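S.K.: Here it is, the structure, as structure tokens.
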Amino acid sequence: IYGSRTRMDVEALIDTGFDGFLCLPVSFAIALGLELQGEITVELADGTLKRELLFRVGVALGKRRVKGVTILTQAEDTLIGGSFLTRYALHIDYRKKTVTIE
């Protein structure tokens, strides 16, 4: 992922229940120098509505670079959401225990 200050490699979880682009830990956003883009109301898994700030972020996956917006979290996990995945094909092979993004 990259912002205005730097770039960093991160491990991310694929969250098929999250329809956003990315969700990043606050500490990553500070280090990357992410630019504030706006705000949005999000619905959490328990149905609670919450206002969140949106930040512009870039992602390089393989040879492809894409830009989108991310919300920030106090959690340590980076989440990849449905908005990001619409650009790719996600393959899960339960038998081989592999996940590929093409």
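The values are calculated or read from the model by the stated rules, or taken from the named source; none is laboratory data. Note that the structure is a prediction, hence the values are computed from the model and not measured. Backbone-built Cβ (ideal geometry, glycine too); neighbour counts: all protein chains shown. What goes into the accessible areas is simple: the full protein's heavy atoms, side chains included, and nothing from ligands, DNA or RNA. Shrake-Rupley method; radii C 1.70, N 1.55, O 1.52, S 1.80 Å.
S.K.: Among the aspartates and glutamates, select those whose C-alpha is under 18 Å from the C-alpha of K50, and discard any that sit fewer than 8 residues away in the same chain.
M.R.: D19, E39
S.K.: How much accessible surface does V10 have with a 1.4 Å probe, in Å² rounded to 10?
M.R.: 50 Å²
S.K.: Next question, about the same structure. Where a Cα-Cα gap under 25 Å defines reach, which lysines qualify for K97, not counting those fewer than 8 residues away within the same chain?
M.R.: K63
S.K.: Then there is this: Pick out, in residue order, every one of the trypsin sites (Lys or Arg not before Pro) in the chain that is DSSP loop and has at most 15 other C-beta atoms within 10 Å; say none if there are none.
M.R.: R5, K63, R87, R95, K96, K97
S.K.: Next question, about the same structure. Just how large is the dipole of the chain about the Cα centre, in debye to the nearest 20, putting +1 at every Lys and Arg Cβ and -1 at every Asp and Glu Cβ?
M.R.: Around 540 debye, computed over the chain.
S.K.: Test of understanding: express the Cα radius of gyration of the chain as a ratio to 2.2 N^0.38 Å, with N the residue count.
M.R.: 1.09
S.K.: So, one more: Along the Cα→Cβ direction, 7 angstrom out, place labels at Q74 and R95. What is the inter-label distance in nm?
M.R.: Distance between label points: 4.5 nm.
S.K.: Points 7 angstrom from Cα along the Cβ direction at M8 and A45: gap in nanometres?
M.R.: Rounded to a tenth, the inter-label distance reads 2.4 nm.
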